[in-house]
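Below you'll find the structure, written out as structure tokens, and then a few comments.
The values are calculated or read from the model by the stated rules, or taken from the named source; none is laboratory data. Predicted, not measured: the structure shown is a model, and the values here were computed from it. Cβ coordinates were reconstructed from backbone atoms using ideal geometry, including for glycine residues, and neighbour counts include every protein chain displayed. Please note that ligands, DNA and RNA were not included when accessible areas were found on the heavy atoms of the full protein model with its side chains. Shrake-Rupley method; radii C 1.70, N 1.55, O 1.52, S 1.80 Å.
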Protein chains: 2
Amino acid sequence: MATPTDFSRLAKLGALIRHYILTATTNAGSGHPTSSLSAVELMVALLFGGRFRYDPERPHFPNNDRLIFSKGHATPLFYALWVAAGKLTGEYLEANYRKFGSPLEGHPTVSFPYVEAATGSLGQGLSVGLGLALNARRLDKLPYRTYVLLGDSEMAEGSVWEALELAAHYQLDNLVGIVDINRLGQRGETMYGWDIQSYVNRISAFGWEAIPVDGHSLPEVLAAYDKALTVQGKPTMILAKTIKGKGVSFIEDQNGWHGKTLSREECDRALQELGEVDLTVRGELARPEELTPEPAGPVPLAAFDYDPKTRVATRKAYGNALARLGPVNPAIVSLDGEVSNSTMAEIFARACPERFFEMYIAEQNMADVALGLATRGKIPFASTFAAFWTRAFDQIRMAQYSEPNLKFVGSHAGVSIGWDGPSQMGLEDLAMFRTLGGSVVLYPADAVATERLVEEMVKHKGIAYMRTTREATPILYGPADQFQIGGCKVLRHSQQDRATVVSAGITLFEALAAYEALQKMGIAIRVIDLYSLKPIAAATLMDAAQRTGAVITVEDHYPEGGLGEAVLSALAQAAVPVHSLAVTKKPKSGSPEELLNYEDISRGAIVKKVREVLGL
Amino acid sequence: MATPTDFSRLAKLGALIRHYILTATTNAGSGHPTSSLSAVELMVALLFGGRFRYDPERPHFPNNDRLIFSKGHATPLFYALWVAAGKLTGEYLEANYRKFGSPLEGHPTVSFPYVEAATGSLGQGLSVGLGLALNARRLDKLPYRTYVLLGDSEMAEGSVWEALELAAHYQLDNLVGIVDINRLGQRGETMYGWDIQSYVNRISAFGWEAIPVDGHSLPEVLAAYDKALTVQGKPTMILAKTIKGKGVSFIEDQNGWHGKTLSREECDRALQELGEVDLTVRGELARPEELTPEPAGPVPLAAFDYDPKTRVATRKAYGNALARLGPVNPAIVSLDGEVSNSTMAEIFARACPERFFEMYIAEQNMADVALGLATRGKIPFASTFAAFWTRAFDQIRMAQYSEPNLKFVGSHAGVSIGWDGPSQMGLEDLAMFRTLGGSVVLYPADAVATERLVEEMVKHKGIAYMRTTREATPILYGPADQFQIGGCKVLRHSQQDRATVVSAGITLFEALAAYEALQKMGIAIRVIDLYSLKPIAAATLMDAAQRTGAVITVEDHYPEGGLGEAVLSALAQAAVPVHSLAVTKKPKSGSPEELLNYEDISRGAIVKKVREVLGL
């Protein structure tokens, strides 16, 4: 139990934090003071009330408790907490908040060492926290706890409810959410205002322990954290009724003060209201137990073997590869959106069941759970249909700002999936994953390339995407062939080549068939397997373009942002014409062959285009 | 009350529908018979039990009740219902299901006239239905009702919970959802299995009337529809316990039968189990009341006036334009994701409050509500930060297959938003919206261009996206300047131009400043405002490229899929080098000027690049 002395100390820390929230935002001239002020007691009680176990000298220590600010705009509070913890001076915060080049960015990014994952696009933090909690319970088997501070406005995001249902499904009683219900969103009242019971009802119905509290009462808040420790078999959500702008009378619970800073004069008035603040007081964080995960013993990597006369879908080779690599590298985990029998993640699930997590049809949450696992040193491979990764584009976009080691796999790419029709066809996935800063985008054509490129994905540290194909395709490569991120394969070439056809994945086989047909007509072309779209083998492409004088790109993807534009960018300064064959008509149901023909990305279309380009 | 005769007739219709579900999928060799069989009674009771009022001769009649198959894979059931309604022969369904060129696609698209909106990516139909119900209640003021059939697996999607909260918020008692709880997903049991009470608890907590039923009991199902008619002030969800594969003993409630068809021999066995089926029986749909929305009187279009000496943010001009156009065109509606004071949709909200809908921070639902409104002839403008449209990429992607008249607006584009940092910066929105088939992508630089282009968006029938800027920018154009979709403006040109700088939006002003600086150095460049990225003014770009010999693109966006690659595609066959300036370093907090400099997309960077290209 906390003593009166403890409460007095926590109140002093709260006053210090309020002070710096106000001064830092007024100095910066931008930021969210009111959204920070509402959660001061919630965070002071957690961090300095002895509940949060964290070694500030070792932010990456595996058994630290974890704290995610899902309401990322509350950075003034977050940074001020670290002032209170003695890891940052108040003066530094006041001088550097939101300044160019400073680690104290407007929304949390990993440039500040105490940030677990970048946030700021709302509704994502709980899923990241779920990943952290899942890691503690099922992978590292450590007793650390994960806390996530949420805003009430972001409870409107469906992704939050995905996280709620999955965390309950996995019975993660090591996960505690705290909703700062300050009633006001950016432009007015939230859907539920201060109707705390509505939150309690909804969250209880999702299988969580829901604890309503007065978010400004330190005893109530501390009691809630203590109660959370006793809850078994389900996660806990603390539903805190709070006041936006709390502590500054003229902005408390006022609309029109979201994301708005006080003028210098208003700030002075506000500081006066805080009264005497002891700027020297500092809080203590409890320390974690000295526990680290058990290391695993070494296991040799098995070889693979595909009969060159068979056809194997790259999605299947993906599953095979991951199952082969899983025993070797205990950091590899797999998550799938209830389609593991299509993405073939089920092959890994059978090989390493303890490292496979069914994420159901909730792709947004899946992406952020994977991010959470990545922040704890895992190498998550998250898979669903390529089309359905569009569901999680915001999470994927945000993930890059956490600089994670994170792998995405999208199956059922392109019109060649056939009869299911356009809703199931990934036709914009290459464009989407190419936009990510520093991303790797791979699109193997055969099983061997897939196996090798999954190996490369494991070795590479960063965000990588692999696109796989539904249909079984011929075996093109042998076990000795080498593949690398940023590489390509020149499959057909001669001194007489009059054009270069660049393709990848399923249409590569169309290009090879077109090569044969053109050979018979006496027309030589170069054929390149561009299995790595990003980074791209610019020098090889440039050489081929210049030697052959014309480039034709072929892809089972919309033209924008895909393989064609990737090649155009690589050849932007070459004075060589580039012709793009891509999916340009509204796709429909049909056989793969019918659809490749319909979209003019078939062997026939390539032959026709080559002849047209050559003026034949 | 239904009589025993009615039940017997409905049972006969159910048998007929089961027959065609089986034969059509076995003929096609693909499809989802088991997921269709579980919902037969639910749909037969609705359509042919006298509850659903629909004129099959006039699918677009404004007062028809609406039915959305959110579980889009149940097309065998959907099409068989229209066989039962006499609008399609059974033979046609058997011969054409999933065939190339047939309207009977694997998942519903608008090529079949009774489809309101394309579905197949799960978890989207309820939001579309919400749009339809909102239209009935608040816009067309018609008594039609909207029904949405959902699968139980898709209840895991957060977007469903967004729709649930918003439909309750808008008190839409004209909306009825039906969840076909057949327990089995694609690869195993769902999170909740047959725990119907869990569904009841969660959905009730979200403010809906929840009615559990035995989904194969026609009396229970009919009673539930009747009860839904009596519920006031909130929507109703019927939670139907069903059996996947119902009616065929050897596939009932069996795992491994998702998306799998019966062999010819299995199909024969299954048909035998159905017993004698009267393939001539047909059902009657109740007819709607002859009501149509009230037409509005004509209102003249007001002019706008911007002082050429002021600076105005294009986001503000967007709000002004929509408020100016709203009174003229009663089809215009605005939806916003709780940031209307940032996107400036609030200006429209003040002008036409009855046509503004607050959608809170739930972008996925917002996109599909907008789609639902578009299917009823409205012209929805949906707005949020450009970055947050990534949240709804799957919904946006799917929307194209409904061929809607739908407008998206994204504010706060690029690093030039400044201090808030990367989480709030739209840096992939152009790439995302460019991928959509037939989309229009606009990026005006000043208030005048914005006003004119919003006018063009209203005139254009289709999907259009406008990107707006946070910062106030100078007025560049006069009221007489013309803008068109697919156009551009050559702002600076001379016979001496040695390079062409192509830009749009905020960096256009950097290009103009670079022009001035280069002029002083005696270097003439052409400057093009590429306000329409798609369609793109290819001829003008080609002409400029060839006359000036070099092209430099400048954009406040990641390089992939943005303005640079759009220009590269337009110039793919020009033998002119193209140089791209875009956001290539990880963005951070800072002032707009600092960030434009940091990313080398500022006036200084353009001057430097032009000189480098010219070898100076």
Long-range amide H partners of residue B:148 with built H, under 5 Å: B:68, B:176, B:177, B:178
Partner aspartates and glutamates for residue B:87 [C-alpha distance under 20 Å; skip if fewer than 8 residues away on the same chain]: B:41, B:55, B:57, B:65, B:105, B:116, B:278, B:284
Rounded to 10°, Cα long-axis angle of helix A:506-520 versus longest principal axis of chain A: 20 degrees
Nearest 10 degrees, 0 to 90: helix B:125-134 Cα axis against chain B principal axis: 80 degrees
Percent carbon-and-sulfur accessible area, chain B, ignoring ligands, DNA and RNA, probe 1.4 Å: 49 percent
All lysines inside 26 Å of residue B:141 as judged from Cα atoms, apart from same-chain residues fewer than 8 positions distant: B:227, B:234, B:378, B:407, B:459, B:461
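If you take the square roots of the eigenvalues of the alpha-carbon gyration tensor of segment B:428-473 and sort them as a ≥ b ≥ c, do you get rounded (a/c under 1.5), prolate (a/b over b/c) or oblate?
Working: a/c = 3.61, a/b = 1.28, b/c = 2.83.
Taking the square roots of the gyration eigenvalues as a ≥ b ≥ c, segment B:428-473 is oblate.
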Selection from A:435, B:97, A:347 lying farthest towards where the dipole of the protein assembly as shown points positive, charges on Cβ: A:435
Degrees, to the nearest 10: A:538-548 long Cα axis against longest axis of chain A: 20 degrees
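Tell me the per residue accessible area of segment B:131-253 using a 1.4 Å probe; a whole number in Å² is fine.
Details: 3280 Å² over 123 residues.
Per-residue accessible area for segment B:131-253 comes out at 27 Å².
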Note, ³J(HN,Hα) from phi for segment B:159-172, Karplus 6.51, -1.76, 1.60, rounded to Hz, x at Gly and Pro: 4, 4, 6, 5, 5, 4, 5, 6, 5, 5, 4, 8, 6, 7
For residue A:269, inter-copy label distances in nm, listed shortest first [label point 7 Å out on the Cα-Cβ vector]: 8.2
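Quick one: which of A:80-88, A:64-72, B:543-551 comes out on top by average Cβ neighbours within 10 Å, and what's the full order, highest first?
Details: A:80-88: 21.4, A:64-72: 27.0, B:543-551: 19.8.
In descending order of packing, they fall as A:64-72, A:80-88, B:543-551.
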Charge tally in the Cβ shell below 10 Å around residue A:185, where Lys, Arg are +1 and Asp, Glu are -1, residue A:185 excluded: -2
Set of lysines near residue B:489 by C-alpha distance (under 19 Å), chain-local residues within fewer than 8 positions excluded: B:534
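Could you give the size of the charge dipole of segment B:487-616 about its Cα centre, using +1 on the Cβ of each K and R and -1 on the Cβ of each D and E, expressed in debye and rounded to the nearest 20?
Around 260 debye, computed over segment B:487-616.
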Peptide A:589-596, shielding by other chains (average Cβ, 10 Å cutoff): 4
³J(HN,Hα) computed for each position of segment A:460-475 - Karplus, 6.51 cos²θ - 1.76 cosθ + 1.60, integer Hz, glycine/proline x: 6, 9, x, 7, 9, 10, 10, 9, 10, 10, 6, 6, 6, 10, x, 7
Amide proton proximity set for residue A:526, modelled H, under 5 Å, gap of 5+: A:498, A:499, A:500, A:501
Mean residue ellipticity (222 nm) of chain B, computed from DSSP H runs ≥ 4 via -39,500 (n - 2.57), nearest 500: -11000 deg cm²/dmol
For residue A:332, residues with placed amide H under 5 Å, excluding near neighbours: A:379
Per-residue HN-Hα couplings for segment A:107-118 [Karplus 6.51, -1.76, 1.60; θ = phi - 60°; Hz; x = Gly/Pro]: 10, x, 10, 6, 5, 9, x, 8, 8, 6, 7, 5
The protein assembly as shown - charge dipole about Cα centre, Lys and Arg +1 at Cβ, Asp and Glu -1, debye rounded to 20: 1980 debye
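What does the charge add up to near residue B:12, with Lys and Arg as +1, Asp and Glu as -1, over the other residues with Cβ less than 12 Å from its Cβ? Don't skip to the end; give the middle numbers.
On the way: positive: B:9, B:18, B:282; negative: B:6, B:276, B:278.
It works out to a net charge of 0.
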Protein-only accessible surface order, largest first, of A:183, A:282, A:434 at 1.4 Å: A:282, A:183, A:434
Segment A:447-472 versus segment B:590-612: alpha-carbon centroid distance in Å: 37 Å
Most positive-pole-ward Cα, A:561, A:583, A:521, against dipole of segment A:496-608 from beta carbon charges: A:521
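Chains A and B: what accessible area do they bury, summed, in square angstrom to the nearest 100, with a 1.4 Å probe?
Details: alone 22570 and 22570 Å², together 37110 Å².
By this definition, chains A and B bury close to 8000 Å².
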Solvent-accessible ranking of A:488, A:267, largest area first, probe 1.4 Å: A:488, A:267
